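Derivation of every value follows stated rules applied to the coordinates shown; laboratory data play no part. Note that this is a predicted model, so its numbers are computed, not measured. As a convention, Cβ positions derive from the backbone with ideal geometry for all residues, glycine included, and neighbour counts pool all protein chains shown.
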């Protein structure tokens, strides 16, 4: 592989890490790029998990340093999501991915209009107090989000944010902080499975991770310093782009 490919991988990783930390679906950039470099789809999927894991280590650390992450609360929401993701992975083998892509695309468009029509709910926390323990309703919500994340990863960051904002009452900055912690909790399980089946390219994965980690660091700092209004704009753009990608609009245009 030519030397200039590696700076390109880092650049793509930086953009993906930034988008993942502020919104979600940065993998819609990295997965096609890894496959463009010649990796089979399953190896690209496994390789990408290295970047996601290390990206979220940086994101969690940065949000925690900036005192916007309630770790215990995030872990308690993350545990039902982990359990759900394990069950979802078992379900995944029976699903039609093309059908699911269209379903997710339409769901993201629906979420896009919810964010536009109810902007204050996404910008202002419903309460200044972050509870120590999630309610039973929140546990159920995050179990099902984890279930979804287990059988199809695309867009799970958006649905985590929706659950944290609309279900737990957090603003977008604190919701993003908890989101990266939840993803960090369940990503190692998937990565171990890919490693076990020899579906990880460590060199490309670590190169991509270098970019993702830098993007996550910048994204977490921007989220806190620029505030929920800016994050909402990035979220809307990411949702719109992801929904168009999943619905095949870009294929029709280009």
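The table for this structure:
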{"item": "Pair list, Cβ under 9 Å, 6 or more apart: the stretch 177-200 residue surrounded by fewer than 18 Cβ atoms within 10 Å (Cβ to Cβ), other residue not in a helix (DSSP H, G or I)", "result": "193/199"}
{"item": "So residue 237, is it surrounded by fewer than 24 Cβ atoms within 10 Å (Cβ to Cβ) and in a helix (DSSP H, G or I)", "result": "yes"}
{"item": "Residues within the stretch 8-44 that are assigned to a helix (DSSP H, G or I) and touching a helix residue (DSSP H, G or I) at 6+ places or on another chain (Cβ under 7 Å), tallied", "result": "24"}
{"item": "Test: residue in the stretch 204-223 that is assigned to a helix (DSSP H, G or I) and either at positive phi or free of Cβ contacts under 8 Å to residues at least 40 places away in the same chain (or both)", "result": "no"}
